[in-house]
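This report concerns only the one structure given below.
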Amino acid sequence: MTNTLLINIHTHKLSVSDEIIILNIPIGFENLSEQRFPNQHINTSPNLQILKSAGIHPWQIENIDISEQLSILEQMIQAKQIIAIGEIGLDKACKTNFEKQIEVFRLQLNLTMKYKLPIIIHCVRAYNEVFEILTEYKHSIKAVFHGFNSSKEMALQLCSKNYYLSIGSSLLNLKSKIWNYIGQIPLENLFFETDESEISIQELYKKYCKISMFKEIELRKKIKENFDFLFLKQL
């Protein structure tokens, strides 16, 4: 097997395997908390590389001081504690006022533009709205849609604008709509993630290779190329 490490583009948990992970940090918590990361004391691999992202999640908006948390986020960016802003976005399935979500999303996009950081997007039933907002920035924002499981049409539309799709546990669900078109997502736009699930990132790589008949050694190399292109300036 190649020495190229597996890339886990978005996770809330540490790992015991050889990986490069982007660990999501709840905004306002620069250090791992026992409550939010109960597995932080597991015996991780010596080859585990932990990078971090942070942002104001749409679920959190109602319970925090937005100005204060934006200030904390900017301090984290300036201190180079994170390599991406996220997860941020819009969610029509939660109770948070949707107009307020849009406002906070735009405020964080302003930080994205100011510091030229990629974003990791949380999007539920609001792809058209997110897409329209991003087009206002003339597609100069590098974005990863995490946990993507929408329609083929939306997948191809996002890829056509050079956004990235990160596929998670839905890939292991035979009833998932993504099975109908996973092979049509360009490799140049693809990532994998474990998010909050208990699955391993290797399961996702192996499942994709089984579906696509793609060699894992080549898949690892291609995902690493995508990662380097998106994040190399921040490392």
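The values are calculated or read from the model by the stated rules, or taken from the named source; none is laboratory data. Treat the numbers as computed from the prediction; the structure is a model and nothing was measured. FYI the Cβ positions are ideal-geometry reconstructions off the backbone, even for glycines, and counts take in every protein chain you see. Please note that ligands, DNA and RNA were not included when accessible areas were found on the heavy atoms of the full protein model with its side chains. Shrake-Rupley method; radii C 1.70, N 1.55, O 1.52, S 1.80 Å.
For this structure, a couple of remarks:
- On a per residue basis, the convex hull of the C-alpha atoms belonging to the range 149-200 measures out at 77 Å³.
- The translational diffusion coefficient of the range 115-216, from Stokes-Einstein at 37 °C and 0.692 mPa s with a Kirkwood hydrodynamic radius over alpha carbon pairs, comes to 232 µm²/s.
- Alpha-carbon centroid distance for the pair the range 68-114 / the range 170-233, whole angstrom: 26 Å
- Table column - 3J(HN,Hα) (Hz), the range 215-227, Karplus curve with 6.51, -1.76, 1.60, x for Gly and Pro: 6, 4, 4, 6, 5, 4, 5, 5, 5, 5, 4, 4, 4
- Per residue accessible area of the chain, 1.4 Å probe, in Å²: 49 Å²
- Loop-located chymotrypsin sites (Phe, Trp or Tyr not before Pro) in the range 90-153 whose Cβ has at most 15 other Cβ within 10 Å (DSSP): Y137
- Extended-chain gain in nm, criterion 0.36 nm per residue less alpha-carbon gap, S151 and D228: 25.0 nm
- Contour minus Cα-Cα distance for N173 and Q49 (0.36 nm per residue): 41.8 nm
- Note on Q81 and K100: their simple-model spin labels are 2.4 nm apart, each label 7 Å out from Cα toward Cβ.
- When trypsin sites (Lys or Arg not before Pro) are flagged only if DSSP places them in a loop and at most 14 other Cβ atoms lie within 10 Å, the longest unflagged stretch of the chain comes out as 37-79.
- FRET efficiency for the pair E68 and N128, taken as 1/(1 + (r/R0)^6) with r the Cβ-Cβ distance and R0 = 35 Å, rounds to 0.65.
- Relative contact order, percent, the range 47-205 [alpha-carbon distance under 8 Å, six or more residues apart]: 17 percent
- The fraction of accessible area contributed by carbon and sulfur in the chain is 49 percent, rounded to a whole number (1.4 Å probe; ligands and nucleic acids excluded).
- The dipole here belongs to the chain: it is taken about the Cα centre, uses +1 on the Cβ of Lys and Arg and -1 on the Cβ of Asp and Glu, and is about 700 debye.
- Expressed as a whole percent, the proportion of Cα-Cα pairs in the chain lying more than 23 Å apart is 47%.
- Residue of S166, S53, S200 that the Gaussian network model of the chain assigns the largest fluctuation, springs spanning Cα pairs under 10 Å: S200
- Dipole axis of the range 165-221 (+1 Lys, Arg; -1 Asp, Glu on Cβ), positive-most option in I217, Q202, L165: I217
- Over the chain: helical MRE at 222 nm, DSSP H runs n ≥ 4 each giving -39500 (n - 2.57), nearest 500: -10500 deg cm²/dmol
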